[in-house]
């Protein structure tokens, strides 16, 4: 499965304004369903105020993209998703960060399936 990365500001703005928002403890997910041709797309927003170190921000991005790569394409469909990290404990170790993000994304993905 191939995931397209959202890169344009206009795409982010459109999804953030018109998409459905699901808020978790550490992550907010904005989802927009498209009927047109295209692959599943993900954009990630991690503010420096929330995660000051660039290495940790990049690690979180890799975790999130890896999570969606492991899911089946049929589950994700023709959606565009923007994930915004809103709260992250600074002293978490890598293993705790990995498990926490994966668990929360699983919970949020279950809630996304409701309005398929």
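For the reader, a short list of remarks on this structure follows.
- Filter pass, residue 21 being in a strand (DSSP E or B), under 17 Å from residue 105 (Cα atoms) and at pLDDT below 90: no
- Considered as a group, the residues in region 99-116 that are modelled with pLDDT under 85 and more than 12 Å from the chain's Cα centre (by Cα) include one that is surrounded by the most Cβ atoms within 10 Å (Cβ to Cβ), and that residue is 111.
- Boolean, residue 45 is closer than 15 Å to residue 109 by Cβ and at pLDDT 90 or above: no
- Flag if residue 82 is modelled with pLDDT of 85 or more, touching a helix residue (DSSP H, G or I) at 6+ places or on another chain (Cβ under 6 Å) and assigned to a loop (DSSP other than H, G, I, E, B): no
- Residue list for region 88-98, filter: loosely packed, with under 14 Cβ neighbours inside 10 Å and part of a helix (DSSP H, G or I): 94, 95, 96
- Residues of region 44-65 classified as part of a helix (DSSP H, G or I) and in contact with a helix residue (DSSP H, G or I) (Cβ under 9 Å, 6 or more places away or on another chain), total: 5
- Check on residue 67, modelled with pLDDT under 85 and surrounded by 13 or more Cβ atoms within 10 Å (Cβ to Cβ): no
- Restricting attention to region 24-35 and to residues that are more than 15 Å from residue 46 (Cα to Cα) and outside any strand (DSSP E or B), the residue that is modelled with the highest pLDDT turns out to be 34.
The values are calculated or read from the model by the stated rules, or taken from the named source; none is laboratory data. Keep in mind that this is a model prediction, so the values were computed, not measured. Counting neighbours? That spans all protein chains shown, and the Cβs are built from the backbone with ideal geometry, glycine included.
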